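Report on the following structure.
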Amino acid sequence: MIHLVCDVDDSFCWLVEDFLREVGASFEKTRLEELISARNFLENNSIIYAGGLSEVFLSLLKAYSNITSGKLIIFVKPVENYPYHLSSHIRKSLSNIYKKKIPILFVETTPIEHQIDSSLYPEFEHVLIPIFNVEHVIVRDTLPRDGVIVTRFDKCRVLEDLILELGRIRFTALMINVNAPEKPCLNPFIIDVFTENPMSLLEKSIMGIIGVNDTLSNIVFQMMISDSRPVIACGQSARNNRYDSTGLVVKVDQCNALDLADAVVNVVNNLDLMRKRGTARFEDMFHEKGVERIKSFLA
């Protein structure tokens, strides 16, 4: 029997439920308290956990210390702050389970979780499966039909300086900044939007610029590449090496206007070449392998 347990019954839990139904997995949603109190729920069964690597998750791992067989799949919910403050306790509990040879599979939904979890818990298998749905996007202004740059920065100043720098070479750039700070950017060439999923913005863009290393940034990064659009990554966000092989990623060490302007011009000059580098097949194959691995793990 497959039991699904969530740390909270939120939108992420619903996304995991939808994904499991799509792959044909038959499961029963079970409360954590039931799993912990009834050993027969854990013994010889497959447990799917959906949530953050939190106190709730740690409680589930501790319950595994009393069993000798079973399977565990962990759908990791994206979080905003790293490193995980419970990672040492989780590693200790996972180590005890590992000694019992109980199979554990981590499923991460953005590249940064995939990268960090693989580093924190290397003895276990990890797969990357994006399961996000397109949600409503709030846009303050009418968007042009083509030619905008989708950005993810938490400070308007960087983008404002970039626009000024591009203006020196008579390059006019209109930017859509995803989830800008509470104080809106005042530059008329910057459009602030609020969304948890920017997919519907991509058809308006020629490229993306990522200057923040958080969950939403990695979702933007992933979606841009999946839609075969070039991405400039600067600062900490440039550490994401998941898509280097696509040829669609331009990395800049520092998030300053001059270096970013050079990168923008470089991308524009090579845009036709980059547009020919379709990565849909790459993404589909990667997703397919992950789905098949989950199916075989549960079988």
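Laboratory data are not the source of any read-out in this text; all were calculated from the coordinates shown. What you see is a predicted model, and the numbers here were worked out from it, not measured in a lab. Neighbour counts are summed over all protein chains in view; Cβ atoms, including those assigned to glycine, are modelled from backbone coordinates with ideal geometry.
Computed values, structure above
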read-out: Length-normalised contact order of the chain in % [C-alpha pairs under 8 Å, at least 6 apart]; value: 14
read-out: Given charges at beta-carbon only (K, R positive; D, E negative), |dipole| of the range 1-76 in Debye; value: 300
read-out: Set of lysines near Lys92 by C-alpha distance (under 26 Å), chain-local residues within fewer than 8 positions excluded; value: Lys62, Lys71, Lys77, Lys100, Lys101
read-out: Pairwise label distance in nanometres, Ile36 with Leu273, each label 7 Å out on the Cα-Cβ vector; value: 5.7
read-out: Angle in degrees between helix 156-167 and the longest Cα principal axis of the chain, rounded to the nearest 10; value: 40
read-out: Sum of -39500 (n - 2.57) over DSSP H runs of 4+, divided by residues of the chain (222 nm, nearest 500); value: -11500 deg cm²/dmol
read-out: Residue (of Phe12, Leu42, Leu53) at the positive-pole extreme of the chain, dipole from beta-carbon charges; value: Leu42
read-out: Helix 215-226 vs. the chain, principal-axis angle (Cα, 0 to 90°, nearest 10); value: 70
read-out: Cβ-placed point charges (K, R +1; D, E -1), dipole of the chain about Cα centre in debye, nearest 20; value: 680
read-out: R0 of 45 Å, Cβ-Cβ distance Leu58-Ser245: FRET efficiency to nearest 0.05; value: 0.80
read-out: Correct option for Cα Rg over 2.2 N^0.38 Å [calculated from the coordinates] among [x] 1.28; [y] 1.11; [z] 1.06; value: [y]
read-out: Rounded, prolate or oblate (a/c below 1.5 giving rounded, otherwise prolate when a/b exceeds b/c) for the range 148-279 by Cα gyration tensor; value: rounded
read-out: Qualifying trypsin sites (Lys or Arg not before Pro) for the range 1-55 [loop in DSSP, other Cβ within 10 Å: at most 13]; value: Arg31
read-out: Nearest-ten-degree value, helix 111-120 long axis tilted from longest Cα axis of the chain; value: 50
